[in-house]
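Here the structure is laid out as structure tokens; the discussion comes afterwards.
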Amino acid sequence: MSVTILAIESSCDETAAAVCTDGVILSNIIAAQSVHEKYGGVVPELASRAHMQNIVPVVDQAIKAANISLQELNAIAFTQAPGLIGSLLVGTQFAKSLSLSLNIPLIGVHHMQAHVLANLIPEKRPSFPFLCLTVSGGHTQIVIAKSALELEVIGETIDDAAGEAFDKTAKLLGLPYPGGPLIDQYAKLGDPLKFKFAEPQIPELNFSFSGLKTSVLYFLQKQTPEFISENRNDLCASIQYTIVQILIKKLIKAVNQTNVKQICIAGGVSANSGLRSALIDLGQKKGWSVYIPDFSYCTDNAAMIAITGYHKYLHHQFVPLSINPSARAEW
Ligand code: KG4
Ligand code: ZN
């Protein structure tokens, strides 16, 4: 018997729904929320309201694009944690109602586990065990995956996430939110070694980005606006280079410690061209197998919730209707 799952993701500012059958993604729909642009960051209350408006049409589109009927669904998976609580509540309540009305099981998914398992979506996928560097706007982690459901965080940030480091330094340069993609774009035209910014010395496999942010701030405070605009490309290239170095050095350490050479990346920052090319180069130099999912599976999406839901379904990991979402949750 085949297993068809509808997945809902609403942890932050994207309302997303996807359908998968036996681990193959049939549809992956996403509604981004433009309402936050003018505030320079996500406004939680506005995000919840936009989820309320988007959820029915997004789920409807996901079902239609998958060319299935609701009656063919075997389970509903949803992002249970972590995220903005009001946003999570919208997806959770919707998933609960649908599971109740269709009388099918409910699967709660941890958003960060789903980012890692997005690497199981493409046909070319890693074998277990693999390491995953998850770099998003909210998290920076190195995870070892021993199986689809045995994931362990072996390193993480002690302050800002890598995405925040991009966005906050971009803001210091006067770039709009989210600045990560813009830094990437300008970095392509600049010299990564022109300016030197602080690289933290943090023990073990943990990360820190606050020192980099402060060193960029102090450097820019001494410059004129003309200097900043004239050197924009070199500043972006140098900032990006430093962030990528911080990430790559810890990844090399993780490989040396675990002797695992199947390497994946996940999260919005894995779209960064500097990080991608550094990983591909390292893979060639060190004999790692590097897996980089499609960008649409790297940023927040429901396909990753669907694939995680599928593996949980196979292991009968269901949650009761009394389940609550959680803004912060260990895994
Ligand atoms: O995973 P994601 O879509 O959302 C969550 O935070 O969960 O990640 C968003 C982050 C933002 O900080 C954004 O600036 C960053 O990913 N980002 C990038 C690039 N594309 C997105 N950072 C650097 N270079 C990029 N090309
Ligand atoms: Zn995410």
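The values are calculated or read from the model by the stated rules, or taken from the named source; none is laboratory data. Being a predicted model, the structure only gives us computed values, none of them experimental. As a convention, Cβ positions derive from the backbone with ideal geometry for all residues, glycine included, and neighbour counts pool all protein chains shown.
Among the residues making up the stretch 246-277, those that are surrounded by 15 or more Cβ atoms within 10 Å (Cβ to Cβ), within 16 Å of ligand 1 (Cβ to nearest atom), in contact (Cβ under 8 Å) with a residue 24 or more places away in the chain and of a type outside the set (A, V, I, L, M) are 264, 267, 268, 270, 272, 274.
One residue stands out among those in the stretch 124-145 that are within 16 Å of ligand 2 (Cβ to nearest atom) and part of a loop (DSSP other than H, G, I, E, B): the one that is nearest to the chain's Cα centre (by Cα), which is 136. Would you check if residue 321 is part of a helix (DSSP H, G or I) and more than 16 Å from residue 116 (Cβ to Cβ)? Here the answer is no, as residue 321 does not meet what is asked. The condition (being more than 25 Å from residue 95 (Cβ to Cβ) and in contact with a strand residue (DSSP E or B) (Cβ under 7 Å, 6 or more places away or on another chain)) is satisfied by just one residue among 109, 116, 153: 153.
Residue by residue, here is whether (1) touching a helix residue (DSSP H, G or I) at 6+ places or on another chain (Cβ under 7 Å); (2) modelled with pLDDT under 95; (3) of a type in the set (S, T, N, Q) holds:
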{"site": "210", "(1), (2), (3)": "no, yes, yes"}
{"site": "221", "(1), (2), (3)": "no, no, yes"}
{"site": "234", "(1), (2), (3)": "no, no, no"}
{"site": "243", "(1), (2), (3)": "yes, no, no"}
{"site": "267", "(1), (2), (3)": "yes, yes, no"}
{"site": "283", "(1), (2), (3)": "no, no, no"}
{"site": "313", "(1), (2), (3)": "no, no, no"}
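Against the test of being over 25 Å from the mean Cα position of the chain (by Cα) and over 17 Å from residue 171 (Cβ atoms), the options 258, 224 yield a single qualifying residue, 224. Within the stretch 141-155, track down each residue that is surrounded by fewer than 18 Cβ atoms within 10 Å (Cβ to Cβ) and not aliphatic (A, V, I, L, M). Within the stretch 141-155, 146, 147, 150, 152 meet the criteria. Counting only residues that are under 23 Å from residue 312 (Cα atoms) and either within 16 Å of ligand 2 (Cβ to nearest atom) or in contact (Cβ under 8 Å) with a residue 40 or more places away in the chain (or both), the stretch 146-179 holds 5 of them.
Residues of the stretch 300-331 that are closer than 23 Å to residue 267 by Cβ and without any contact (Cβ under 8 Å) to a residue 60 or more places away in the chain: 330 alone.
Applying the criterion of being within 16 Å of ligand 2 (Cβ to nearest atom) and part of a helix (DSSP H, G or I) to the residues of the stretch 281-304, the residue that is nearest to the chain's Cα centre (by Cα) is 298. Residues being farther than 26 Å from residue 262 by Cβ, of a type outside the set (Gly, Ala, Ser) and modelled with pLDDT under 95 are represented in the stretch 200-207 by at least one member. When 46, 120, 102 are checked against the criterion of being buried (at least 20 other Cβ atoms within 10 Å of the Cβ) and of a type outside the set (Gly, Ala, Ser), 120 stands alone in meeting it.
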